[in-house]
Amino acid sequence: MHLVIETTKKSFPFPENNVLVVGNDFDCDLQINHPKIWGRHFSIEKKSYGCVLNVYDQGVSVNGLPIAEKCLLDSGDLIQIDDMPFRLVDDQYIPKDSVLNHTNVVLDKAKNVSSVFGVRSFADTAAGFFIIDDFHHPDGWHVFRNENELHYIDNKHKTNLNGLAIAQAKLVNGDVIANSHYKYKIELPGTSGFSKFSPSHPRNVQLSESFNDKDQQPPEAQQKKTSFVKNNLWWLTLLVGLVVLLIVVINNPPG
């Protein structure tokens, strides 16, 4: 894991304590001489569940969105203060080249092969939307399926894969396709690191479907359950009363 200054492409690895502090103080891990960067301006902390950005001064944004205190970061996220851009790059998410001949790929926009296998949108216009078909973006990049794999092609180089300019790659779970205007994240169940908290995790899909089935029951079925309790309320009350009386007698035997 390292932080890259986009303007100079200089890379700075994380120290042994897994906290990288950026600012202009003498004790900062990355000291920046810039009129808008003060003291310990922000830090990035590596946790078991990901990287956390902690903001100590104003003017920090991530992918164009202002951050007041803290947020989770993905590999490839762009952190910016004024005209000074930093990009987080995770060595574990260096994209692997795809062995397919992408010049012969025909995109199919209506496969619908799986509801738990595809691309999660974090774009403003479709936040949370899950894309299950082959996908073509107006910026010229594509995601398509080959059996149980997802592959990526970028023809116009207007976006990054995990913070890097990549022409083509085989996608893995957690890969991030993003630029300063949008973000998409790859979700592949059955692969290492697929989060059980993801809305598209098979367990959560099953739970969602069971809730939907319950909600979609006909009114007659729900009414039958309610009427059963009402019709038998008298003997249920009697049974509870007898149990209470029995407990009182047992605890207070005649003297």
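Values in this text are rule-based calculations from the coordinates and carry no lab data. Bear in mind the structure is a predicted one, so any value in this text is a computation, not a measurement. Cβ: placed from backbone, ideal geometry, glycine included. Neighbour counts: every protein chain shown.
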(request) Mind ranking 33-40, 22-29 by how tightly packed they are, going by the mean number of other C-beta atoms within 10 angstrom, highest first? (result) 22-29, 33-40
(request) With a point put 7 Å past each Cα toward its Cβ, work out how far Asn155 is from Leu242 in nm, to one decimal. (result) 7.9
(request) Could you work out how far apart the two model spin labels at Glu6 and Asn148 are, taking each label as a point 7 Å from the Cα in the direction of the beta carbon, and quote it in nm? (result) 3.7
(message) Applying a 10 Å radius around every beta-carbon, put 121-134, 75-88 in order of their mean neighbour count, most first.
(response) 75-88, 121-134
(request) May I ask you to sort Val62, Val244 by Cβ crowding, counting other Cβ atoms within 10 Å and putting the fewest first? (result) Val244, Val62
(request) Grab the other residues whose beta carbon is less than 11 angstrom from that of Pro138, score K and R as +1, D and E as -1, and report the net. (result) +1
(request) Please provide three numbers in whole Å: the alpha-carbon extents of region 118-193 along the principal axes, with the largest listed first. (result) 30, 25, 21
(request) Neighbouring Cβ atoms within 10 Å as the yardstick, rank Glu147, Glu187 fewest first. (result) Glu147, Glu187
(request) Work out how much length Asp91 to Asn17 would gain on full extension: take 0.36 nm times their residue separation and subtract the Cα-Cα distance, in nm to one decimal. (result) 24.9 nm
(message) As a footprinting exposure proxy, order Lys158, Lys185, Lys9 by other Cβ within 10 Å, with the fewest listed first.
(response) Lys9, Lys158, Lys185
(request) Kindly flag which residue pairs out of Lys9/Lys156; Lys47/Lys170; Lys9/Lys70; Lys9/Lys46; Lys46/Lys70 have an alpha-carbon separation exceeding 23 Å in this structure. (result) Lys47/Lys170; Lys9/Lys70
(message) Test of understanding: express the Cα radius of gyration of region 2-89 as a ratio to 2.2 N^0.38 Å, with N the residue count.
(response) 0.96
(request) Between His181 and Gln58, with labels modelled 7 Å along Cα→Cβ, what's the label distance in nm to one decimal, could you check? (result) 2.9
